[in-house]
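The values are calculated or read from the model by the stated rules, or taken from the named source; none is laboratory data. In this text the structure is predicted, and so the values were computed from the model without any measurement. So basically every Cβ, Gly included, is an ideal-geometry build from the backbone, and we count neighbours across all protein chains shown. Surface areas here come from the heavy atoms of the whole protein model, side chains and all, with no ligands, DNA or RNA. Shrake-Rupley method; radii C 1.70, N 1.55, O 1.52, S 1.80 Å.
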Amino acid sequence: IAMADVAFDDVKAVKRAFGTTVNDVVLAAACGALRPWLRARGGLPARPLVANVPVTVRSDGDEESGNRVSMILVHLPVRVDDPVERLLAIRAETRRAKERHGEGGGDVFRQATDLLTNITVPWVLTHAIEVYARSHLADRLPYLWTLVISNLPGPPVPLYCAGAKLLRLYPFGPVQQGSGLNLTVMSVADRLCVGALACKRMVPDVDDIASGFVAEVELLRKLADARTARTGTAV
């Protein structure tokens, strides 16, 4: 595992300057962190990495208990050199993915993920994942995604324990066979906290990815400030 955090204001400044979402910035920072990691370990892949990105499907006004989530697949353009170009490519990709997901219809991937995440009881899903892992199906079947990247909303108000204010909260999501890296972020107070969990054989130096995430956010913030200075206002 590895932990890191960045100023949430930096992420929101990038979002405003380039007309994206916070989730787009998170994905771009992850993409930027993976580029040097991949280049140092054999080179960049010929095709983009595929991130499994959980998304909420709860409609406005839906106060029913329990999670209402599904998943979209987002291609991370790790071969693109320019950070802003990567961010804008991801923005276009997530918009298309959400539009396709919203249309539903014959989208088999959407129907399958909705079934697994919202209809099945937890022990059924857990057992299915265990069977998948023990049978090593990922070694024999084409994988659907390379890694998982989750952006979770944090507590909207300050939290305390015995008078001590909560300053950081590092979330961790599971890794799966065939997908050896999970990056999960959560906003807490004025920080965006990153929890990276990886298979130690596939990603033995996950700290480099966590620190790369921080460096990419800092770079994007500088580019956002420069853009705002040129235009006089954020997009």
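Please state which of the following conditions Thr184 fails to meet, knowing it meets all the rest: (1) more than 17 Å from the chain's Cα centre (by Cα); (2) of a type in the set (S, T, N, Q); (3) assigned to a strand (DSSP E or B).
All conditions are met except number (1).
Among all residue pairs at least 6 apart or on different chains, which show Cβ distances below 8 Å where the first residue, located in segment 22-38, is polar (S, T, N, Q) and the second is open to solvent by 10 Å² or more (accessible area, probe 1.4 Å)?
From residues that are polar (S, T, N, Q), the pairs are Asn23/Asn151.
Taking the conditions exactly as written (loosely packed, with under 15 Cβ neighbours inside 10 Å, at pLDDT below 90 and of a type in the set (Phe, Trp, Tyr)), does Tyr143 satisfy them or not?
Criteria met by Tyr143.
Does segment 187-202 hold any residues that are more than 13 Å from Ala2 (Cβ to Cβ), within 14 Å of the chain's Cα centre (by Cα) and open to solvent by less than 10 Å² (accessible area, probe 1.4 Å), and which are they?
Matches in segment 187-202: Leu192 only.
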